[in-house]
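The values are calculated or read from the model by the stated rules, or taken from the named source; none is laboratory data. What you see is a predicted model, and the numbers here were worked out from it, not measured in a lab. Note: ideal-geometry Cβ built from the backbone for every residue, glycine included; neighbour counts use all protein chains shown.
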Amino acid sequence: MSDSSAPDLNEVVKAHKVLVICGTGGVGKTTVSASIALGAALAGQRVLVMTIDPAKRLADSLGVVGKLNEATPIDLRAALGDDVELSEGGSLHAMMLDAKGTWDDTVRRFAKSQDTQDRIFNNNYYQRASESLSGSQEYMAMERLLEMHATEAYDLVVLDTPPTRNALDFLEAPDRLMAVLEEGILGWLIPKKRGRFSPVAAGARLFGRGREAMFNVLERFMGADVIRGLADFISAMSELLDGMRSRAGEVMELLRSEDCAFLMVAAPNRIALSEGLYFHDRLAEAGIPFRGFVINRVRPAFGEGKTPATPWESNWTRSGEATYDAAVEQVWDEHRRRTRWAHVDRHHINALKAHCGPTLPYVEIPELEGEIHDLDALRLLLAYLE
Ligand SMILES: Nc1ncnc2c1ncn2[C@@H]1O[C@H](COP(=O)(O)OP(=O)(O)OP(=O)(O)O)[C@@H](O)[C@H]1O
Ligand SMILES: [Mg+2]
């Protein structure tokens, strides 16, 4: 649990309207997001959790299967039983984010004409680009966050984030996405007019005399239709960029505001934690409020948490003395192994605390048995998230 000089995680949750839950792949972001959201709803807040790609059974339990970008209410009494303590006014909605659907909305919002919109939707590249452009999923998560925050229908929006190789990818996504769109695969073929795209000049240059030789080479490899389609896509998309850029500015404003807190989920190992440190420092540099760590899957010392099966529960008999001694030895081995694990985890957690200081909450969730795939299991985590 946290040091006495640090706020509780619950206080952090209560004091903000947006929580961004970040961390590297597989550390438990989706699980922790859903659990924090459930806890806040039970405590009386109107909460929306925006998840990304939850495991099938968790998605079932959140009621979001087949419902993309749609806030779906969860009947907490039905899910947790009538005796669940639900403070008045508390509610939980869940939404599964869908990058493609958000892209479509973005195109509709920012295309300056029906013609541009149609050109984009009908372009073969659009389908692929909206799913695979670098930073696309992250950008779209932020876009949706801004939209849901603006509805004021929720006291708290908890945003799960996509798995990133580097947690900073999330933060840099808007810039990266802009750069990819602006430069494009053929960006070097397309001239800029006063630092912006000029679709007319782009077409002229792409298909003009100066580029004829290059075009011939590309055409030979890729086909004229491919090149034309790509150039058209890039020039149509360029029309969206001003709108998207100002929207990205609004996102950054929200992320930097007092309303927003970043929490990081990390595993207690050297790599995950050193990335946590880096992320913490970069957020501080960027003026973005970092408000705490959830260290997940901490291995408890022997005797804490789940006790392993004792040897005599697993085919050992206590009849012969030698067997009994061997059993005792095996228990000692297990004890030593678990003490070592717990020691290693503690060492890493202490290093993290030493670096980031005593003013943050550092909550620890132990490695639990089995999958955490429904609301009952998420509720079990609440005892640790304080
Ligand atoms: N404390 C825990 N004890 C045991 N299992 C856990 C714990 N936390 C999470 N898990 C399990 O680990 C798996 C990965 O968790 P989760 O999907 O929340 O991670 P994630 O960070 O969202 O992953 P991704 O980066 O792929 O989105 C899930 O099966 C989840 O049930
Ligand atoms: Mg996830």
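Reported count of residues in region 59-73, each being in a helix (DSSP H, G or I), touching a strand residue (DSSP E or B) at 6+ places or on another chain (Cβ under 8 Å) and surrounded by fewer than 24 Cβ atoms within 10 Å (Cβ to Cβ), is 1. Which residues, counting only those in region 350-373, are surrounded by fewer than 16 Cβ atoms within 10 Å (Cβ to Cβ) and either within 16 Å of ligand 2 (Cβ to nearest atom) or closer than 19 Å to Gly26 by Cα (or both)? Listed by number, the residues that qualify are Glu367, Glu369, Gly370, Glu371.
Just one of the listed residues (Ala55, Ala94) is within 16 Å of ligand 2 (Cβ to nearest atom), touching a residue at least 60 places away in the same chain (Cβ under 8 Å), more than 20 Å from Leu255 (Cα to Cα) and surrounded by fewer than 21 Cβ atoms within 10 Å (Cβ to Cβ), namely Ala55. No other residue among Asp175, Asp104, Asp118 is assigned to a helix (DSSP H, G or I), modelled with pLDDT of 85 or more and surrounded by fewer than 16 Cβ atoms within 10 Å (Cβ to Cβ) apart from Asp118. Here Met50 meets each of (1) more than 14 Å from ligand 2 (Cβ to nearest atom); (2) surrounded by 17 or more Cβ atoms within 10 Å (Cβ to Cβ); (3) within 11 Å of Met95 (Cβ to Cβ); (4) of a type outside the set (Val, Ile, Thr) with one exception, condition (1). Filtered by the rule that a residue be at pLDDT below 95 and touching a helix residue (DSSP H, G or I) at 6+ places or on another chain (Cβ under 6 Å), region 1-21 gives a lone residue, Ile21.
Please go through region 1-35 and pick out each residue that is buried (at least 17 other Cβ atoms within 10 Å of the Cβ) and part of a helix (DSSP H, G or I). Walk me through it before giving the result.
First, pick out the residues of region 1-35 that are buried (at least 17 other Cβ atoms within 10 Å of the Cβ): 2, 6, 9-10, 12-13, 16-24, 27-35.
Within region 1-35, Leu9, Asn10, Val12, Val13, Lys29, Thr30, Thr31, Val32, Ser33, Ala34, Ser35 meet the criteria.
Being touching a residue at least 40 places away in the same chain (Cβ under 8 Å) and within 15 Å of the chain's Cα centre (by Cα) is true for just one of Val107, Val84, Val157. Which residue is that? Only one candidate passes the filter, namely Val157.
Mind listing whichever residues of region 247-258 are at pLDDT 80 or above and in a helix (DSSP H, G or I)?
Taking region 247-258 as the starting set, the residues that turn out to be at pLDDT 80 or above are 247, 249-258.
Selection gives Arg247, Gly249, Glu250, Val251, Met252, Glu253, Leu254, Leu255, Arg256.
Scanning region 36-58 for residues that are under 12 Å from Leu159 (Cα atoms) and in a helix (DSSP H, G or I) turns up Ile36, Ala37.
Being in a loop (DSSP other than H, G, I, E, B) and either without any contact (Cβ under 8 Å) to a residue 60 or more places away in the chain or closer than 30 Å to Arg270 by Cα (or both): is that true of Gly89 here?
Working: in a loop (DSSP other than H, G, I, E, B): yes; either without any contact (Cβ under 8 Å) to a residue 60 or more places away in the chain or closer than 30 Å to Arg270 by Cα (or both): yes.
Yes: the conditions hold for Gly89.
Tyr384 falls short of the stated requirement of being hydroxyl-bearing (Ser, Thr, Tyr), in contact with a helix residue (DSSP H, G or I) (Cβ under 8 Å, 6 or more places away or on another chain) and either away from ligand 2 (no atom under 16 Å from the Cβ) or under 25 Å from Ala37 (Cβ atoms) (or both). Taking residues in region 357-380 that are in a loop (DSSP other than H, G, I, E, B), and partners anywhere that are near ligand 1 (Cβ under 7 Å from one of its atoms) and β-branched (Val, Ile, Thr), the pairs with Cβ atoms closer than 6 Å and at least 6 places apart or on different chains are Ile372/Thr31.
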